[in-house]
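This report concerns only the one structure given below.
The values are calculated or read from the model by the stated rules, or taken from the named source; none is laboratory data. Remember, it's a predicted structure, so these values are computed and weren't measured experimentally. Cβ coordinates were reconstructed from backbone atoms using ideal geometry, including for glycine residues, and neighbour counts include every protein chain displayed. Ligands, DNA and RNA are stripped out before the accessible areas are found, and what is left, the full protein with its side chains, is counted by its heavy atoms. Shrake-Rupley method; radii C 1.70, N 1.55, O 1.52, S 1.80 Å.
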Amino acid sequence: MAQSNTSQQMTDDRKLILIVEDEFVSREILKMTIEQNYDVLLAENGSQALKHIEESGDRLSLILLDLNLPDMHGVDILNMINEKEEVHRIPVIVLTADKEAEVECLDIGAADFIPKPYPDIKIIQARIRHTIELFEKRVIIGQTEFDELTGLYNKEFFYLYAERSDAHNSESLMDAIVIDINHFRMINERYGKDYSNEVLRRIGNRLGALTAEAGGLACRRDADHFMVYCPHLDDYEKVFGTLSEGISGEGNAESIVRLRMGVYPEADKSIEIERRFDRAKLAADSVKSNYATPIGTYDSELNEKNMYSEQLIVAFPEAIEKQQFQVYFQPKFDIRGDKPVLCSAEALVRWIHPEYGFISPGAFISTFETNGLINRLDNYVWRAAARQIREWSDRLGAEVPVGVSVNVSRVDLFDPDICETLLGIVEECGISQDKLLLEITESAYSEDSKHIIDTVHRLRSAGFRIEMDDFGTGYSSLNMLTSLPIDALKLDMQFVRTAFREGGDTGMIAIIIEIADLLGVPVIAEGVETEEQMIALKEMGCDIAQGYYFSKPVPAEEFERFLADR
Ligand code: C2E
Ligand code: CA
Ligand code: CA
């Protein structure tokens, strides 16, 4: 039994070859040459050949095809094989005495040819083996080399071929380019998968055309991220223009889909190919929320910034351990009454580094967001803020009426334990949830809204109050807003700034205040710098104001002045 099993397995593993040859002697020679290593099917004419292909096509590893058959020409069989989806992967080696026909056959898709009279047996065997191996490899590669949706290379093969091209053209100057779609998730959710796929395919086609013209390679790295490695280009504006023109599709406003591009020109070939594209990606991200300039370039300035970020990452663990992070507080005032009244504060982190000095969050928050350190930092800040609330109420006697809002990064919202962590903190410090308000930036909602909204719902059911930060910069639709769990809208500072610039227009602020009224939540204006601004905002119906007009963010001891005044 075991014996027959083994032999069965052996026959199963053997590859099947079809010999199509009308001359008896020729056919027998070929058969004898290969039957030791392969299973063999024989056909004496074209129609027998077609019958075998029909019946056993899925098992065939190779066809040896004589061109001169009694009932048809071998070229017709070759054509048929090439055209039929189910069998066109089968390599064909043409057998012929006609030198002219050899070239023709290679042109129409034969893998190789064996001349007649037949060469040495070993040569025939080697060619057959080689052809089968090559085609099997091609089938395997063909399934994984390309991204199915766009037909561009996938990441692995892209890097592989990019390195191979470097090896062949070590002198040529190459650009590493990254192309991303802004707010892709939101587009996906709002306009559906079919539409998003259509956009991705369109970008794929254009990048394919670009590399066909300029040389180089293009790939879809994942989701909405594309990479191009091509000989140095001069006019990126033009490339960008070609890529983005009409990208939203016919009849669609241009603004649905916006691209951004990062270029690392004349990339340094001494660093790993992946790192070169990290730099291009960094350049793309440097223009993330800057629609006016959608193209970023990796230059010495960005390089310096990058090195600085890396230094900060290295310095982070010690900074947490040695408590180099300090929480500052900026008061928020209720401006509805005759006199502004302190109502809460925002906790804002600062890094006092023994060597680098005072570092504002703008220099490190986004870096820590990309590598996940933000979780630890925010945990630290939340705890510090909660402790401070506790300490104020203990030391300054009666319950301090103000709450403190802390910033919750979009990255924090992906932590499945966030709710438990925050509950742990308020419990540990003996304060109630509504004293620790959570500021969540509006753009977080547009990234993975379902997940984020679920998390925010959980936080809210746990008793926390949510302020939507930087409102007006994200892309929440009115529809989305009415289903969002929020307790206050915090107007993005930019609106206050532009509205009160010379010739500015407060129309946008008025609209947002109207939206807030519709939702029944108060509006907080931040970045209020002058009395005039404060009064104008108050007249427009704004409820709370925060900004340099009242105070900059200050250390806890200094903030006590506001508590005492109250
Ligand atoms: P944000 O949450 O929008 O904070 C408001 C920023 O505006 C603060 O900058 C504040 O100092 C500044 N600001 C307040 N009033 C005025 C004003 O009247 N005029 C001007 N020009 N600026 C004003 P800061 O402290 O540098 O923080 C920058 C950003 O860093 C914050 O923006 C927030 O997104 C982030 N951030 C700060 N601390 C934390 C933190 O602990 N965790 C997280 N995840 N992010 C934080
Ligand atoms: Ca904030
Ligand atoms: Ca803000």
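Cα to Cα, under 21 Å, and not fewer than 8 places away if on the same chain: which lysines meet these conditions relative to Lys288?
Result set, ordered by chain and number: Lys238, Lys305.
Between Glu558 and Asp222, what's the calculated FRET efficiency when r is the beta-carbon distance and R0 is 41 Å? Round to 0.05. Write out the running numbers ahead of the final one.
On the way: r = 47 Å, r/R0 = 1.15.
The computed FRET efficiency comes out at 0.30.
At 0.36 nm per residue, minus the direct Cα-Cα distance, what do Thr370 and His451 gain on full extension? Give it in nm, one decimal, please. Walk me through the numbers on the way to the answer.
Values: separation 81, 0.36 × 81 = 29.16 nm, distance 1.87 nm.
27.3 nm is the gain from fully extending Thr370 to His451.
Could you give the size of the charge dipole of the chain about its Cα centre, using +1 on the Cβ of each K and R and -1 on the Cβ of each D and E, expressed in debye and rounded to the nearest 20?
On the way: 58 positive and 100 negative charges, 216 e Å.
Value, rounded to 20: 1040 debye.
Counting only the heavy atoms of the protein chains, how much of His451 is accessible to a 1.4 Å probe, in Å² to the nearest 10?
About 70 Å², rounded to the nearest 10.
I need to check one value: relative contact order of segment 155-298, counting alpha carbon pairs closer than 8 Å and at least 6 residues apart, in percent.
Values: 220 pairs, mean separation 45.9, N = 144.
About 32 percent, as a whole number.
Give the carbon-plus-sulfur fraction of the accessible surface of the chain in %, rounded to a whole number; probe 1.4 Å, heavy atoms of protein chains only.
49
Based on the Cβ-Cβ distance of Thr421 and Asp285, what FRET efficiency does E = 1/(1 + (r/R0)^6) give at R0 = 22 Å, to the nearest 0.05? Display every interim value, and only then the final one.
Numbers: r = 28 Å, r/R0 = 1.25.
For Thr421 and Asp285, the calculated efficiency is 0.20.
Does a label point 7 Å from the Cα of Ile108, set along Cα-to-beta-carbon, have any residues of segment 37-76 with amide nitrogen under 17 Å, and which are they?
46-47, 49-50, 63-76
Can you list the lysines whose alpha carbon sits under 22 Å from that of Lys31, skipping same-chain ones fewer than 8 residues off?
Partners within reach: Lys15, Lys51, Lys116, Lys122.
What is the angle, in °, between the Cα long axis of helix 193-214 and the longest principal axis of the Cα atoms in the chain? Nearest 10 is fine, range 0 to 90.
With both axes taken from Cα atoms, the answer is about 60 degrees.
Do you know the relative contact order of the chain, to the nearest whole percent, from alpha carbon pairs under 8 angstrom that are 6+ apart?
On the way: 870 pairs, mean separation 46.8, N = 566.
After rounding, I find 8 percent.
Working from Cα positions, state the angle (0 to 90°, nearest 10) between the long axis of helix 74-83 and the longest principal axis of the chain.
Here the helix axis deviates by roughly 20 degrees.
Want the number for Arg59 to Glu391: 0.36 nm per residue separation, take away the alpha-carbon distance, what's left? Don't jump to the answer; show the numbers that get you there.
Numbers: separation 332, 0.36 × 332 = 119.52 nm, distance 7.83 nm.
Roughly 111.7 nm would be gained on extension.
Per the helix-only calculation at 222 nm, which mean residue ellipticity applies to the chain, given -39500 (n - 2.57) for every DSSP H run of n ≥ 4 and division by its residues, nearest 500 deg cm²/dmol?
Values: 22 runs with 268 residues, N = 566.
Helix contribution divided over all residues of the chain: -15000 deg cm²/dmol.
What whole-number value in Å² describes the accessible area per residue of the chain for a 1.4 Å probe? Working shown, then result.
Values: 28500 Å² over 566 residues.
Heavy-atom SASA per residue in the chain reads 50 Å².
What percent antiparallel are the DSSP beta bridges of the chain, to the nearest 5? Don't jump to the answer; show the numbers that get you there.
Numbers: 37 of 80 bridges.
Close to 45 percent.
Treating cross-link reach as a plain straight distance, find the lysines whose alpha-carbon is under 29 Å from the alpha-carbon of Lys538, omitting any fewer than eight places away in the same chain.
Hits, sequence-local ones excluded: Lys332, Lys339, Lys435, Lys490, Lys552.
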